[in-house]
Amino acid sequence: MEISIFEAVGPIMVGPSSSHTAGAARLGRMAAKLVGQPFTHVDFGLHGSFAKTYRGHGTDLALVAGVLGMYQDDENLSKSFEIAKERGITYHFYETEISGAHENTVCMSFLMQDGNTREIIGSSIGGGQIKICSIDGFPLDMSLNMTTLLVINKDTKGIIYQITRTLAANDINIATMKLTRQEKGATACCVIETDSEIADCVLRELSEIPAVQTVKLIN
Amino acid sequence: MYHNLKELLQQAEDHEVFLSEIVLQNEIEQFGTTKEIIYQKLEERYNVMEKAAVRALGERLETAGNLISGIAMQQNVYTEKGETLCGGFMNTAMAMALSGSEVNAAMGRICAAPTAGACGIVPAVLISIERAKKCSKQAMMNAILTSSGIGTIMMKNATIAGAEGGCQAECGVAAAMAAAAGVELCGGTPAQAVWAASLALVNCMGLVCDPIAGLVQVPCAQRNASQTVNALTCIDLAMAGMTLPVTPDEVVESMYKVGRMLPPQLRETAQGGLAATQSAQEIQKKIFS
């Protein structure tokens, strides 16, 4: 695999650590994008090295900044606690152990405005790169470096064909695809990475497939 | 496409161009991007680097535990008095490296090169030469290209992670990247650039990663200053014609192997070296309790 020069000189970020600060901000931001709707409170369960060193590396500030939508190079990142207060969003940190998880892993539980809870687990795997490991208990493996589609659907015959046919008809090439399900016939989850961007009309088409429950696009 | 220093150098010599041109063409070919986009990204990086290199020279920044707050300004004040041993050039370079480290520790904006912990070195070396030799903006962009090309080879054939290779893989690689780019800015040959990078690695081979309390402050900031000096001296050594009786790629391989031989305590775990001292333990308790 060829390495881009911008991985050797980059990323542009606020310090002090690409994994503990930049990666943490990206994890928070992507988690907030994945839950999509407005939320009022976030619990951050810190595992491994995140639990041991989060104060010294600003991991806590970075996670909160991330869920507020701030990028890893935003100089206001260190003021994220104040900004959260202004926006009426509360947060809590606790140390936890997640078996088999990467050293830098966080479990983020979002309390949504509608009273529901959403849970996202993700790891910061070095150099600012991240991995989303689970959404609401679904085991996943998303790096979110490419255009990524997350489809939650009922596990029925032909559903994958319907999804891929819709993408093909819109001239979208699939780079990678991963499927998981709770159990046979229950809720299933499909993560698709594509080579090109996906227009809103394609998302609408996908969400109109009867067995599809939700469609989420992360650019 | 090149896989190691030998191939990068060979291609530059075959086409009679600097290393930066080969690095640029490779990036265009491998990632389907354009020269314009690449130069735009390089300029963004240069601007962030320059700001971080001067920001803490005139202002003391708060860092976790304040282990290195004010060190860049202190070095700058000393330099401006004009009574230094190593001269204004070397002392200003060290002050800029310290500034980069202090900005990073204070959660300011930096450009990782190749890592956040080593972010002070490449800017300090390149900006020092830019001022001394009055280099053009274009030359500076090319210098960042050369340094990043050297960096990607280290990522492919060795490591830039302190947890894997110790400080030699972070600050050492940064010095190697800066040294090669510095030779290009000084009008040296591609071969001299590759030797300068190799010499920089040789001069810090085995350097351990032992951050006090696991924070990216001490001895990271001090090593940003000393590896800046390492890079600058290697540029002069290579420009004078110094080579080694081993190949540049053997140096990279050795650095990687030495890194793997280091016990885990000396690879960013804060369990050995300075981090294991009684003073460091007390600092750690104070900050994290």
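The values are calculated or read from the model by the stated rules, or taken from the named source; none is laboratory data. Here the structure is a predicted model, which means the values were calculated and not measured. Glycine also receives a Cβ, built like all others from the backbone with ideal geometry; neighbour counts cover every protein chain displayed.
Determine if the stretch B:147-159 includes at least one residue that is surrounded by fewer than 23 Cβ atoms within 10 Å (Cβ to Cβ), more than 25 Å from B:Gln265 (Cβ to Cβ) and within 9 Å of chain A (Cβ to nearest Cβ).
Within the stretch B:147-159 (the criterion being surrounded by fewer than 23 Cβ atoms within 10 Å (Cβ to Cβ), more than 25 Å from B:Gln265 (Cβ to Cβ) and within 9 Å of chain A (Cβ to nearest Cβ)), the answer is yes, since at least one residue qualifies.
Among A:Lys178, A:Lys157, which is at pLDDT below 95 and more than 24 Å from A:Cys133 (Cα to Cα)?
A:Lys157 is the lone residue from the list that is at pLDDT below 95 and more than 24 Å from A:Cys133 (Cα to Cα).
More than 13 Å from the chain's Cα centre (by Cα), under 23 Å from A:Ser17 (Cα atoms) and surrounded by fewer than 24 Cβ atoms within 10 Å (Cβ to Cβ), is that true of B:Glu164?
Against the criterion (more than 13 Å from the chain's Cα centre (by Cα), under 23 Å from A:Ser17 (Cα atoms) and surrounded by fewer than 24 Cβ atoms within 10 Å (Cβ to Cβ)), B:Glu164 qualifies.
When you scan the stretch B:240-264, how many residues do you find that are surrounded by 15 or more Cβ atoms within 10 Å (Cβ to Cβ) and farther than 22 Å from B:Met154 by Cα?
Result for the stretch B:240-264: 0.
Is there any pair linking a residue in the stretch B:106-117 that is at the interface with chain A (Cβ under 7 Å from one of its Cβ atoms) to one that is in a strand (DSSP E or B) and among the hydrophobic types (A, V, I, L, M, F, W, C), with Cβ under 6 Å and at least six apart or on different chains, and which?
Within 6 Å, the pairs are B:Met107/A:Val14; B:Arg109/A:Val14; B:Cys111/A:Ile12.
Hey, can you tell me all the residues within the stretch B:208-238 that are within 14 Å of another protein chain (Cβ to nearest Cβ), crowded, with 23+ Cβ neighbours inside 10 Å and part of a loop (DSSP other than H, G, I, E, B)?
Across the stretch B:208-238, the qualifying residues are B:Pro211, B:Leu215, B:Val216, B:Gln217.
Just a yes or no: is a residue in the stretch A:100-122 within 14 Å of chain B (Cβ to nearest Cβ) and in contact with a helix residue (DSSP H, G or I) (Cβ under 7 Å, 6 or more places away or on another chain)?
yes
Of everything in the stretch B:1-49, what is in contact with a helix residue (DSSP H, G or I) (Cβ under 8 Å, 6 or more places away or on another chain), farther than 24 Å from B:Thr159 by Cβ, of a type outside the set (A, V, I, L, M, F, W, C) and not in a helix (DSSP H, G or I)? Give them in sequence order.
Hits for the stretch B:1-49 are B:Thr33, B:Thr34.
Sort out which residues of the stretch B:162-198 are β-branched (Val, Ile, Thr), within 15 Å of B:Ser20 (Cα to Cα) and assigned to a helix (DSSP H, G or I), and write them in order of number.
Listed by number, the residues that qualify are B:Val183, B:Val194.
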